[in-house]
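Let me begin by presenting the structure, written as structure tokens, before commenting on it.
The values are calculated or read from the model by the stated rules, or taken from the named source; none is laboratory data. Everything numeric in this text was worked out from a predicted model, so none of it was measured. Note that each Cβ is placed from the backbone with ideal geometry, even for glycine, and that neighbours are counted across all protein chains shown.
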Amino acid sequence: MSALAALLSRLSRARDGSASVEFVMIMPLLLLLIMSSFELGMVTLRQVMLDRGIELTVRDVRLGNLVPVTHDTVSAAICDHALILPDCPRDLRLEMMPLDPRAWVAPPGTADCVDRADDTIPLRRFTAGVQNQLMLLRACSLFDPYFPTSGLGATLPRQSEGAYALVSSSAFVIEP
């Protein structure tokens, strides 16, 4: 037993590998922080680009520069203005509906998003509107997280096939 006690005593005094132990304990946390920061940056960048695409497209619709106003033309304009949204035409779904401020009915609380598993689900609402009408344009775009199993990527609420949804909306009046 004295040989075992001597070995344990010698190991407790040895300092070889102490930096490795600290590295092994800290590195996973550091990697998790780096991956979460990258994921948050990409989520923020994609949200800003989706907002930019919506606002520039709404300006074209409002002024009558985008004709005809259909889901496909508005979706293409948003994708052209948004610049860096991956698979934008496939993963973007729009809702455009008139709002009546005198007889207010709140729009649906959740956005209509693409279901990647079922392409046959029809649009909920897309009405082009007429002059001097208050309109709401809402876009839902799906994105796959870069790190889906760790950090922020693991905590994002999921939609279709593990993607998370970003929603942007804008209310406007069609100019005469």
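What to note about this one:
- Within the set A128, A139, the sole residue that is modelled with pLDDT of 90 or more and not hydroxyl-bearing (S, T, Y) turns out to be A139.
- Test for D91: is it surrounded by 14 or more Cβ atoms within 10 Å (Cβ to Cβ) and of a type in the set (D, E, K, R): yes
- Filtering D112, D118 for residues that are modelled with pLDDT under 90, within 25 Å of T155 (Cα to Cα) and over 15 Å from the mean Cα position of the chain (by Cα) leaves a single hit, D118.
- Tabulated pairs, region 44-58, first over 13 Å from L94 (Cα atoms) and free of Cβ contacts under 8 Å to residues at least 60 places away in the same chain, second among the hydrophobic types (A, V, I, L, M, F, W, C) and surrounded by fewer than 18 Cβ atoms within 10 Å (Cβ to Cβ), C-beta under 7 angstrom, 6+ apart or interchain: M49/L83; M49/I84
- The listed residue being under 29 Å from M42 (Cβ atoms) and of a type outside the set (S, T, N, Q), out of D91, D100: D91
- In the set V48, V43, V58, only one residue is part of a helix (DSSP H, G or I), surrounded by 15 or more Cβ atoms within 10 Å (Cβ to Cβ) and within 14 Å of the chain's Cα centre (by Cα); that residue is V43.
- Single residue of P98, P86, P145 found to be assigned to a loop (DSSP other than H, G, I, E, B) and either at pLDDT 90 or above or farther than 19 Å from L56 by Cα (or both): P145
- Answer residue from region 132-162, given it is buried (at least 16 other Cβ atoms within 10 Å of the Cβ), of a type in the set (A, V, I, L, M) and farther than 23 Å from P107 by Cβ and is farthest from the chain's Cα centre (by Cα) among those: L152
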